[in-house]
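Okay, structure first, notes after.
Just so it is clear, none of the values below were taken in a lab; they were calculated from the coordinates. Small disclaimer: the values here were computed from a predicted structure and weren't measured. Note that each Cβ is placed from the backbone with ideal geometry, even for glycine, and that neighbours are counted across all protein chains shown.
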Amino acid sequence: MTTSLIIILVLVVLIAFLYNNLVSLRIRTEEAWSDIDIQLKRRYDLIPNLVETVKGYAEHEKETLREVLEARSKASTLKVDVSNPAQMAEFSQIQSGLSGALQKLFALAEAYPDLKANTNFLELQRELADTENKIQAARRFYNGTIKEFNTRIQTFPSNIIASFFSFKNKEFFEVAETEKEPIKVSFK
């Protein structure tokens, strides 16, 4: 074998290795997003049951219940392209609205001792809290894989391969500004 053939062969192997590594990271980011999606679906499925349970105790709190159901409807119908910053921002904002509505619902339950003692409500509340924890874990995992992916496509030598094959940075899942504000609850 000639030296030039060996160099070409090494370059081809290096390019293939870097490309495959980038593809693997891209797939891992898609899997991480899917994990978030699965937990959000579970959350959306729990909310109507929770609202129905609260309805029986808090009939005059229709506004809070309507707000929760509207936020759930918005959140569950939005489709997101994770490489689109505007869609990610909108998604984050809508998820924040749903989280705020759920916090109001749980605060509302504090005003109804019978509801707080209801086993069905307590189980739904526990499941939803568990789901919220899983959503947070999935978000952290997603952001970790996005960090690894974005770092890889920006560092040498994989940045050359990433540029050639049009790998683009992906957006982190960020908390919306409204979610950073404390929830205001008032019982009229």
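Values computed for the structure shown
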item: For the stretch 66-95 and the stretch 105-132, distance of Cα centres in Å; result: 24 Å
item: Solution diffusion estimate, µm²/s, Stokes-Einstein, the stretch 11-180, Kirkwood Rh from C-alpha pairs, 37 °C, viscosity 0.692 mPa s; result: 183 µm²/s
item: Long-range lysine pairs (8 or more apart or interchain), the stretch 18-105, Cα under 23 Å; result: 9
item: Space enclosed by the convex hull of the alpha-carbon atoms of the stretch 103-151, per residue, Å³; result: 59 Å³
item: Estimated [θ] at 222 nm from DSSP helical runs (n ≥ 4, -39500 (n - 2.57)) normalised by residues in the chain, nearest 500; result: -27500 deg cm²/dmol
item: Of 118, 86, 107, farthest towards positive along the dipole that unit charges on Lys, Arg, Asp, Glu beta carbons give the chain; result: 86
item: Fewest-first ranking of 2, 131, 151, 29, using other Cβ atoms within 10 Å as the exposure measure; result: 2, 151, 131, 29
item: Gain in span if fully extended, residue 21 to residue 55, counting 0.36 nm per residue against the direct Cα distance; result: 7.1 nm
item: Footprinting exposure proxy for 96, 166 (fewest neighbouring C-beta atoms within 10 Å first); result: 166, 96
item: Cleavage-rule hits, GluC sites (Glu not before Pro), the stretch 67-122, DSSP coil, Cβ neighbours within 10 Å at most 15; result: 110
item: Rg(Cα)/(2.2 N^0.38 Å) for the stretch 62-156, N = residue count; result: 1.39
